[in-house]
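The values are calculated or read from the model by the stated rules, or taken from the named source; none is laboratory data. Since the structure is predicted, the reported quantities are computational estimates derived from the model, not experimental observations. Quick reminder, even Gly has a Cβ in these numbers, built from the backbone with ideal geometry, and neighbours come from all protein chains shown. Surface areas here come from the heavy atoms of the whole protein model, side chains and all, with no ligands, DNA or RNA. Shrake-Rupley method; radii C 1.70, N 1.55, O 1.52, S 1.80 Å.
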Amino acid sequence: MKSHKKLSQVERAFLMTSLILLFQIVRNISNIGYVIILFSSYGWLYLTYFFQHKNKSIKYKFVFKPIRLVFLMSIIWIPFISLLNMGNYEYAVALPRYLVTFPYILFCYFYDGYNIFLVKKFLNLFVSFIFISSLTIPTQILFGPISFFTEASIRGGLVRYTSLAGSLTILGTLGGIALAILLFSGRFLFGKNKKKIIIILLILSMLMTLQKAAVVNISICYIFYFLFYGEIGIGRKIISMLTGIIAIFVLFRLFSETEFILYITNLINYTFSSSSIGINNDFFIRIWYLPSRVVAYNNMTLVDFIFGIGFPALAGAMGNPQYPMAHNNYFELLFSGGILHLVSYLYLLLIAPCNAMKRIFKHKKLTNIDRIYSVSIVLILINMMIGAVTFYQPVTAVIVFFMIFSYDKIKNIEFD
């Protein structure tokens, strides 16, 4: 596999914009300052892109694929339909949040220069950010909350800290995606020993989030790793997993008297509780009770299910917590942008895992890109059921739309 040896100016601008979006939490230090930096970066990105393409023809077949176009039109539709369903003040609060990620989504849609070198740089950036974010959890357990992070809460008698990645719930999901990328990337991103250390510390930090999704996502990652990672045999996989378990057990023993272990054991007990706060009951609340409240509150009719009601369905994600929230991204997509918004988005997400399934049925070898993208997207689809993957959250938007729109260009490339 050959790759570019040097990033183009557009690629550098894209990675810088991605980095700024990843560090969206610093808006709590200065919201105006962050907005100026972000939109200056967007300006740089778009100017360099159009300057580079001014003498090149637009690849219409790539840009205007029907389902891609339907999704783009549906997301552009949302702020217009919102005007019919909410007051001016609430709309003024919601629109800026929408505009934070929309230029990024639009660029990912139009960009046609994805290549394996850019993919490597991007995935390295994302995984490194999530790893650093995960370490902010034990850091806060040890030294106390970081002042500009989102406000902490209490769960099971322990302080539930947020991270550099943002909200209380986000790291349990994004950490799972980063773990999937690490497990299926071989030595593409990091050396063998460095990767092992990152994986162990990432898992332990995820467990300290007191987030049930962390336990579920870690489990899913290793199930897929055991079943579908074909670069090493089953024996080596077992040895690798046992080594990780032993390392974690040793760390448990060494730090058994610390608050770190208390957090992890508390999460394990909480996750598998048979009470109303356990996984099963929490799941059923999110697939019926909470979405039904959104329908009732907004007096939704059949027409609303077809065209959506816009920002009111996104509630707190758009800065309007007075509206009830579905806490289920499938319903949020349906309620906000209508049936075509939901269907087109799911179609785009499913391209990679469906392509991987076709390769399996035809007895063709899966590429590493197939594995990384497919497992990550399966995690996204699962976590959408608990409302953990809204693409209006900048960190989530960065990884979701990069994977959706880069896959076609690099899906047949293999790397070591």
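When only residues in the range 219-251 that are modelled with pLDDT of 80 or more and open to solvent by less than 20 Å² (accessible area, probe 1.4 Å) count, which is farthest from ILE360 (Cα to Cα)? Selected residue: CYS221. A count restricted to the range 401-415 and to residues that are open to solvent by 50 Å² or more (accessible area, probe 1.4 Å) and in contact with a Phe, Trp or Tyr (Cβ under 7 Å, 6 or more places away or on another chain) stands at 1. Take GLY113 and decide whether it is modelled with pLDDT of 95 or more, more than 28 Å from VAL294 (Cβ to Cβ) and either outside any helix (DSSP H, G or I) or open to solvent by 10 Å² or more (accessible area, probe 1.4 Å) (or both). When the stated conditions are applied, GLY113 does not pass them.
For the range 56-68, the criterion of being over 26 Å from LEU348 (Cα atoms) and modelled with pLDDT under 95 is met by at least one residue. The set of residues from the range 150-163 being more than 15 Å from LEU207 (Cβ to Cβ) and open to solvent by less than 20 Å² (accessible area, probe 1.4 Å) comprises just one member, THR162.
Among residues of the range 139-156 that are in contact (Cβ under 8 Å) with a residue 24 or more places away in the chain, those with a beta-carbon under 6 Å from a residue that is acidic (Asp, Glu) at least six positions away or on a different chain give the pairs ILE141/GLU259. Report yes if some residue within the range 203-213 is among the hydrophobic types (A, V, I, L, M, F, W, C), under 15 Å from the mean Cα position of the chain (by Cα) and under 23 Å from PHE283 (Cα atoms); otherwise report no. Yes, that holds for at least one residue. Would you pick out the residues in the range 126-147 that are open to solvent by 60 Å² or more (accessible area, probe 1.4 Å), over 15 Å from LEU179 (Cβ atoms) and among the aliphatic types (A, V, I, L, M)? Within the range 126-147, just LEU142 meets the criteria. Closer than 20 Å to ILE25 by Cβ and touching a helix residue (DSSP H, G or I) at 6+ places or on another chain (Cβ under 8 Å): which single residue out of TYR46, TYR114, TYR104, TYR109 fits that description? After applying the criteria, what remains is TYR104. The set of residues in the range 291-321 that are in contact (Cβ under 8 Å) with a residue 40 or more places away in the chain, farther than 16 Å from LEU95 by Cα and aliphatic (A, V, I, L, M) comprises VAL294, VAL295. When the residues of the range 12-32 are filtered to those that are open to solvent by less than 30 Å² (accessible area, probe 1.4 Å) and at pLDDT 95 or above, the one that is farthest from the chain's Cα centre (by Cα) is ALA13.
How many residues does the range 345-400 contain that are part of a helix (DSSP H, G or I), of a type outside the set (S, T, N, Q), under 26 Å from LEU290 (Cβ atoms) and open to solvent by less than 20 Å² (accessible area, probe 1.4 Å)?
We begin by selecting, within the range 345-400, every residue part of a helix (DSSP H, G or I); these are 345-361, 368-386, 394-400.
This time we only want the ones that are of a type outside the set (S, T, N, Q), so: 345-354, 356-361, 369-373, 375, 377-382, 384-386, 394-395, 397-400.
Imposing the further condition that a residue be under 26 Å from LEU290 (Cβ atoms) reduces the set to 345-350, 377-382, 384-386, 394-395, 397, 399-400.
In the following step, the residues that additionally are open to solvent by less than 20 Å² (accessible area, probe 1.4 Å) were identified as 345, 348-349, 377, 379-380, 384, 394-395, 397, 399-400.
Residues that pass the stated criteria total 12.
Number of residues in the range 89-123 that are more than 12 Å from SER18 (Cα to Cα) and of a type in the set (S, T, N, Q) equals 1. Condition check for ILE37 on (1) at pLDDT 95 or above; (2) more than 19 Å from the chain's Cα centre (by Cα); (3) crowded, with 19+ Cβ neighbours inside 10 Å; (4) not small (Gly, Ala, Ser): one failure, at (3). Looking at this structure, is PRO324 under 22 Å from ALA92 (Cα atoms) and not charged (D, E, K, R)? In short, yes. Taking the range 82-98 as the range and being under 15 Å from GLY338 (Cα atoms) and within 26 Å of the chain's Cα centre (by Cα) as the test, only SER82 passes. Scanning the range 327-344 for residues that are of a type in the set (Gly, Ala, Ser), in a helix (DSSP H, G or I) and under 20 Å from ALA94 (Cα atoms) returns SER336, GLY337. Only residues that are in a helix (DSSP H, G or I), in contact (Cβ under 8 Å) with a residue 12 or more places away in the chain and farther than 22 Å from GLY113 by Cα were counted across the range 6-33, and they come to 4.
Name the one entry in ASN193, ASN217 that is assigned to a helix (DSSP H, G or I), polar (S, T, N, Q) and within 16 Å of the chain's Cα centre (by Cα). Lay out the reasoning, then the answer.
On the way: ASN193 fails: within 16 Å of the chain's Cα centre (by Cα).
Of the residues listed, the single one that is assigned to a helix (DSSP H, G or I), polar (S, T, N, Q) and within 16 Å of the chain's Cα centre (by Cα) is ASN217.
For the range 306-322, a residue qualifies if it is crowded, with 20+ Cβ neighbours inside 10 Å and assigned to a loop (DSSP other than H, G, I, E, B), and the qualifying residues are GLY308, ILE309, GLY310, ASN320. What's the number of the only condition in (1) under 20 Å from VAL400 (Cβ atoms); (2) open to solvent by 10 Å² or more (accessible area, probe 1.4 Å) that MET86 fails to meet? Every condition holds for MET86 apart from (1).
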